[in-house]
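In what follows, a structure is listed as structure tokens, so that the remarks can point back to it.
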Amino acid sequence: MPSITRQDTIKSSSLGRIADTTDAARILDKYFYFFMSLLIPVIVVYGFSFTVEKNLIHPLVPRPPLLYFHAAVFSGWLAFFILQSALVRAHNVRWHRRVGLFGVVLGVAIPVLGVCTAITMARFNALQLHSRNADSGLMVPLFDMVCFTPVCALAVWWRKKPEFHRRLVLIATCALTAAAFRRSRNGCCHLVLRGLWTC
């Protein structure tokens, strides 16, 4: 029988590591976007949990109705993101494309609603809450819309190119999480935000 040399052992070990790496990459590629579709809502719920009680559910000063509509629409986008990721994971491309039409409507509504809500709340904070920093608070929501709008438009444009489309939808969704991170008291969440933006 031929003897097993040290070089053969090294080759066998290297091939094993390559196979393990390939399997890990395949699993990551298979479940990454579905996992992110679940992680992002968890982060958003966690971030807003620090302020939703006093600012939305039981505020001392009633908030404008537009704020509640804004919350419903933006929550709808997160639910849409989860559903679309689940449909892709189930290989149901037909329904994924049908539901995608609803996503286009949301994608058009979100920038308009985001800008209107930001201006309305800045005025509310200045006139009703007598906040001195109402104008500076406009920067985050308006910048979110500047980031979200072109990325979402490109995701629609490249909807027939899955590798582009799914990355762009993820980035557009990440662009909507800044408000949740700003409300979070946990500093490690900022590290997660950086990770999301590098996907």
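FYI, it's all coordinate maths here, none of it is from the lab. Since we're looking at a predicted model, the values are computed, not measured. Cβ placement follows ideal geometry from the backbone for every residue including glycine, while neighbour counts extend to all protein chains displayed.
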Subject >> Neighbour net charge for L129 - beta-carbon separation under 14 angstrom, K R +1, D E -1 >> reply: +3
Subject >> Cα centroid of segment 32-48 to Cα centroid of segment 59-136, whole Å >> reply: 15 Å
Original post:
Extension gain F34-A153, at 0.36 nm per residue separation less the Cα-Cα distance, in nm?
Top reply: 40.7 nm
Original post:
Using 1/(1 + (r/R0)^6) with R0 = 45 angstrom and r between the beta carbons of W95 and R123, what's the FRET efficiency to the nearest 0.05?
Top reply: 0.60
**OP:** Averaged over every viewing direction, what's the projected area of the C-alpha convex hull for segment 32-197? Give it in nm², one decimal, please.
**Re:** 9.6 nm²
Original post:
With a sphere of radius 12 Å drawn around the Cβ of L168, what net charge do the other residues whose Cβ falls strictly inside it have (Lys, Arg +1; Asp, Glu -1)?
Top reply: +3
**OP:** Count the net charge of all other residues whose Cβ sits under 15 Å from the Cβ of F102, scoring Lys and Arg as +1 and Asp and Glu as -1.
**Re:** +4
Original post:
Any idea what the relative contact order of segment 32-197 is, in percent, if you count C-alpha pairs under 8 Å spaced at least 6 apart?
Top reply: 29 percent
